[in-house]
1. Can you list the lysines whose alpha carbon is less than 22 Å from that of residue 4, not counting same-chain residues fewer than 8 positions off?
2. Note down the relative contact order for the chain as a percent, whole number, built from C-alpha pairs under 8 angstrom at least six residues apart.
3. With a cap of 10 neighbouring Cβ atoms within 10 Å, and only residues DSSP puts in a loop, list the trypsin sites (Lys or Arg not before Pro) found in the stretch 134-172.
4. Amide H of residue 5 versus every other amide H placed in the peptide plane: which residues, excluding those fewer than 5 positions away on the same chain, fall under 5 Å?
5. Would you tally the net charge around residue 102, using a Cβ to Cβ cut-off of less than 15 Å, leaving residue 102 out, and scoring K and R as +1, D and E as -1?
6. Rolling a 1.4 angstrom probe over the protein heavy atoms, how many square angstrom per residue are accessible across the stretch 146-246?
7. Starting from the Cα gyration tensor of the stretch 128-246, take the square roots of the eigenvalues, sort them a ≥ b ≥ c, and report rounded, prolate or oblate (rounded when a/c is under 1.5, otherwise prolate if a/b is larger than b/c, else oblate).
8. For the stretch 143-183, which GluC sites (Glu not before Pro) are in a loop by DSSP, counting at most 11 other Cβ atoms within 10 Å?
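The values are calculated or read from the model by the stated rules, or taken from the named source; none is laboratory data. Since we're looking at a predicted model, the values are computed, not measured. Positions of Cβ are generated from backbone atoms using ideal geometry, with glycine treated the same way; all protein chains shown enter the neighbour counts. For the accessible areas, the whole protein counts, side chains as well, though only heavy atoms, and no ligand, DNA or RNA atoms are used. Shrake-Rupley method; radii C 1.70, N 1.55, O 1.52, S 1.80 Å.
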Amino acid sequence: MSIKFLNITAGEFEAMTLFKYMSLPNAVDSIMKDTLWFSNPEMWKDPFESYFMNNAYDKANVPFDFPLKDRLFVCCFSTISRCEAQWRMYSKNNTSILFDISKNGLIQSLGQLSSEYNIYIGKVVYLPTPVLMSDDVSTIISSMNLSIPKSDIEKALFLMLCKRKAFQYESEVRVFLIPKGESCKKSNGIKVNVSLKDITKRYTISPLLKKDEQLAIKSVILSMQNVKNVSCATLYDPVINKVLNW
């Protein structure tokens, strides 16, 4: 298989359900262009998230940078559907879209990228912050209940699967792309064609919007070619003000 699995098996991945939250502008752009954005983790705003990418390393008194610096691009998914915290995290002006992703479709689309990229998939492991901040890579990987790999590439990818325990509710899965070319121009990320409309089973519009706003956005998305099955989240629909007995 052209896709390698890190701390999960292909079978375990097949048993998961994948969701992708996007801000409305990014969602519309991705739907129109049939692409997914893979970001450069060096640019992630959370300093804990970019910690390993931007850190310095030492082996036998020889200093070096992170082995995949400027050569790693990541797309993050969740296995949790309709999570209120994630609606808020990915919203700009309270607008965001949730994509229900077909795993088989995603695998097939990613497989078409294998001539250009080495592709890896892993499940995020949530660690206490003091463990995450250890100055010994082997200690961190051992805390993930994983064996230390011989490959520097896999060791680096294991580190990029570490996240603070406070975010455990996300139940995150990460897809990694590593360009096969010798050189890679530094960038914030890359857009790759993954036939997004074909692999999306449903689109759900954020509950943080008013109902008329939800319906307006639903109409716009349904007007796009080959888009079907768009719904409005109903998380806050039961909340109706009334007179309470004191």
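1. Within the straight-line cut-off, residue 4 pairs with 20, 69, 103, 123, 150, 155, 163, 180, 191.
2. 29
3. Counting only loop positions with at most 10 other Cβ atoms within 10 Å, the trypsin sites (Lys or Arg not before Pro) in the stretch 134-172 are 150.
4. Distant-sequence amide H within range of residue 5: 121.
5. Numbers: positive: 20, 103, 197, 201, 202, 228; negative: 14, 34, 100, 198.
Taking every Cβ under 15 Å from that of residue 102, the sum is +2.
6. For the stretch 146-246, the solvent-accessible area averages 61 Å² per residue.
7. Since a/c reaches 1.5 but b/c is at least a/b, the shape of the stretch 128-246 is classed as oblate.
8. Within the stretch 143-183, the qualifying GluC sites (Glu not before Pro) (loop, at most 11 other Cβ atoms within 10 Å) are 182.
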